[in-house]
Amino acid sequence: MPWRLIGFIVLFAVFLVFIGFNLENRCDISFGFCKLSQVPVYLTAFSAFVLGMLWAVPYIVSLRFKRKSGRNAAKDKKKQGPQKAQATEAEELLPGPGGPYGID
């Protein structure tokens with residue numbers, strides 16, 4: 001079943017109900033250097049939602065870029081063949097089989 005479509009329709013219906021209840025409600029918005037008077041509440045909520053989505057775009061793009069670069073690094077390691085794994089800094093700090101100070 002197309003759950004994304006159903007979710008979008010429900011979300012859209014919630015927005016329409018919110019707009020319907022707030023058609024007459026107005027507020028003032030101050031940007032510090034400019035003040036907007038008598039702005040409908042649904043416009044402020046909708047614009048905040050859209051600006052939040054736009055603000056998230058660079059974050060999502062950076063995650064996809066990191067994921068792709070990680071895949072490329074894994075492919076390069078496979079092409080090089082089996083190699084001895086190098087210990088990371090965290091692994092070097094962990095105690096080995098000879099105890100925490102290398103003493104048997």
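Nothing in this text is a laboratory measurement; each read-out follows from the coordinates by a stated rule. Keep in mind the model is a prediction, meaning the values are calculated, not measured. Every residue, glycine among them, receives a Cβ derived from its backbone with ideal geometry; neighbour counts consider all protein chains shown.
Any idea how far apart F49 and L36 come out in nm if each label point goes 7 Å out from Cα toward Cβ?
1.6 nm
How big is Rg to Rh over region 17-70, alpha-carbon atoms, Rh as the Kirkwood inverse-mean-distance radius?
In region 17-70, Rg relative to Rh is 1.25.
Mind putting a number on the dipole of region 17-70 about its Cα centre? Charges go on the C-beta only, +1 for Lys and Arg and -1 for Asp and Glu, and I need it in Debye to the nearest 20.
Charge dipole of region 17-70: 520 debye, to the nearest 20.
What is the distance, in nm, between label points placed 7 Å from the Cα along the Cα-to-Cβ direction at L16 and at I60?
Output for this residue pair reads 2.4 nm.
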